[in-house]
Amino acid sequence: MFATKRLSKMQEHLPPGIAIVKCDNLEEWQMDIKILDQNPLYLDQTYRLKFTFNNKYPIEPPEVQFIQSPASTGTPRSIPMHPHIYSNGIICLDLLGSAGWSPVQTVESVCMSLQSMLTANNRDERPAGDKEFIATNRRRIRDINFVYEDDNV
Amino acid sequence: MNLQDFLAMEESRDRDELIDLRSLDLVSEYDSHLMCPICHCPFVEPVRLQCDHVFCGSCLSSAITTFRSADSDEFPCPSCRNPTQKVSASVPRLLINMCDEIRVRCPLITEGCQEIIPRGHVQSHVEKYCGYRLLPCPDDSCDQMTRSKDVGMDQKCIHRVRRCSHCEEDILEHEYEEHEKELCPILEVACVDCETVVTRGALQEHIESCPEVALPCTASKYACPVKIRRADIAAHEQSCPIVAMGPYFEAQNTRLMSLESSMRHLQQRNEIFEDGLANIRSTLVESTRLRANSNGSGQSAQSAREQQPSARADVSTDDPADIAASVFSSNATTYLLSLHESLREEVSQLSHAITDLDARASMAIMNECLRIKEDMAHTNAAVNSVRMQVQWLMNPRLHQGTRGGAVRSNSSENEGTRTQMASSAAGPSHTSGQSLGSLRPRRPSDGGREGTKL
């Protein structure tokens, strides 16, 4: 319904380090984010996020994950190293779950939260049980029950 | 009102209004504070939470039903996450008025209504005043829709079809009169030129072939002024000299065109060459000046001596030194200009770098702030827990204090220590006799002081 209007409204001014890649329909958007400070883990890198909206957005959270894109496409994108980001791009962040989500969040605010989550990180590692999770997970993102045990990162 | 009442009220609200205020096309800009943070539209029937955050009523009710944990009477505010129990429908009148004042297009623009009205009036505009609203046809037997402005006083159905008696075409009732008078192709009209009477349908065809229609000569674009009847035009073209010249003119035209384009080409190339030449000249001047500077003053004295005898001979002819000077000065200006240009470029690069740095710095500050905030929260929690512990530790001590015997011994002890402290603070010149009196002979004045102290 009115989410349609709201999505198209944000294109006017974007915060630094955030760019729209694809927003031609209202089901899936792709955004590029950059980490602007000198964190050596993410220096000069651009990462691509995929937002999938359902028709209850913004009451319900969008599905957000990092996606890869091979170098042959001209815009190589990888999955950033972070103890809360699985190597298939799935992100464990409480504000993307239905418990932590608030309908006042927007695509920009989610991008900025992820920027600061990456900026504050100094551990070059994947979450515990990463290999196992990737091998076994067949659920959709919104059906995964994360336990948000680590408040340090 | 509490959450239950609010949800019940929102549910019972009449939702079959004609217009979705959120899908309206806004014409005027509006203040971002008037925007509901959930639906990003100006507030529609706003309500207020305990924390003073305002949302549309319907947005808030859908948020409550999704986020409230099973029928509890609390709900976290979407903006600040403060738990809230009460929803207040009393929002400042000012806010509602400002939202109602935003100018919008009539939603019936698809039907042709061009009006721009304040949002608060849309409902009444569409219901009462808009002429483009579709109504069911006043005739009950007709199931079509009519624009409200087309429903006349007489409440007649305008959809009834009438067959034109001339052309056998089906025409709507209210357009019939116009059709009969002006549009019907069977009607007969007279050709303006030859006065033959033909039907309207065949008029176009007739004009194409009518011998009386005046046509311009085929050479009219080469300035033949003749305009003549179709029947005579062949004869004119036989004798017209300009028609005979036609192919020649054509050829000349194309030649001119090609010459013009090549001219333009050459001009561009010339400009490029001139630029290059100027560059070369400026570099040459620079190098010669450098050489002259390095050679120093010795040479200049020599050249002055050489010039003296030749000066007389050079009076009549062009002085090469003069030419060199003028060339030099023009080159110097170009050199300065180029220098200026490069400096400007550098400045713009610097400003770019500065804006870049600015963005980075603000980002870094924001992140730092977040981290510090978190730290503060941790510290707060720690301080609180320490306070709790201290209290817990103090409690038994206080309880002991209230017990009778202990009180007296405690208080006397306390007094003793207090006097000790006071005396030591007073300085060594009049130490009290209690602790140090045995070590020194007591002076008469000491006793008096001690008495006043105790």
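None of the figures in this text is laboratory data; all of them are computed from the coordinates on show. Bear in mind the structure is a predicted one, so any value in this text is a computation, not a measurement. No Cβ is skipped: glycine too gets one built from the backbone with ideal geometry, and neighbour counts run over all protein chains shown.
Given charges of +1 on the Cβ of Lys and Arg and -1 on the Cβ of Asp and Glu, with all other atoms neutral, how large is the dipole of segment B:83-138 about its Cα centre, in debye to the nearest 20? Can you show the working numbers first?
On the way: 7 positive and 5 negative charges, 37 e Å.
Here the size comes out at about 180 debye.
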| message | Can you give the local net charge around B:A244? Use residues other than it whose beta-carbon is closer than 13 angstrom to its beta-carbon, Lys and Arg +1, Asp and Glu -1. | response | -2
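What are the equivalent ellipsoid semi-axes of segment B:82-238, built from the alpha-carbon gyration tensor (square roots of five times its eigenvalues), in whole angstrom, biggest first? Intermediate values should be presented prior to the final figure.
Numbers: eigenvalues 709, 160, 22 Å².
Taking √(5λ) for each Cα gyration eigenvalue gives 60, 28, 10 Å.
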| field | Estimated dipole of segment A:73-144 in Debye, rounded to 20 [Cβ of Lys and Arg +1, of Asp and Glu -1, Cα centre] | value | 240
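Please report, in debye to the nearest 20, how large the charge dipole of segment B:104-221 is about its Cα centre when each Lys and Arg carries +1 at its beta carbon and each Asp and Glu carries -1 there. Numbers along the way, then the final one.
On the way: 13 positive and 23 negative charges, 175 e Å.
Here segment B:104-221 has a charge dipole of around 840 debye.
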| remark: Whole-Hz Karplus couplings 3J(HN,Hα) for segment A:107-117, θ = phi - 60° and coefficients 6.51, -1.76, 1.60, Gly and Pro as x, run 4, 5, 5, 5, 4, 5, 4, 5, 4, 6, 5
| task | Largest first and to the nearest Å, give the Cα extent of segment B:44-85 along each principal axis. | result | 27, 18, 13
| field | Ratio of Rg to Rh over segment B:46-148 (Cα coordinates, Kirkwood Rh, two decimals) | value | 1.19
| Using alpha-carbon positions, what is the distance between the centroids of segment A:67-87 and segment B:62-106, in Å? | 39
| request: Would you list the P(r) distribution for segment B:321-401, with all Cα-Cα distances sorted into 10 Å bins from 0 and each bin expressed as a whole %? | output: 14, 15, 13, 12, 11, 9, 8, 6, 5, 4, 2, 0
| task | Summarise the partner chain shielding of B:34-43 as one whole number: the mean count of Cβ atoms from other chains within 10 Å of each residue's Cβ. | result | 4
| query | Restricting attention to the alpha-carbon atoms of segment A:69-109, what are Rg (one decimal) and Dmax (integer), both in Å? | reply | 13.7, 39
| request: Can you find, among B:G112, B:T146, B:C210, the residue farthest towards the positive end of the dipole of segment B:104-230? Put +1 on the C-beta of Lys and Arg, -1 on that of Asp and Glu. | output: B:G112
| task | Report, as a whole number in µm² per second, the diffusion coefficient that Stokes-Einstein gives for segment A:1-124 at 4 °C and 1.567 mPa s using the Kirkwood radius over alpha carbon pairs. | result | 86
| Out-of-range pairs (alpha-carbon distance over 26 Å; input A:K56/B:K128; A:K56/A:K131; A:K34/B:K373) | A:K56/B:K128; A:K56/A:K131
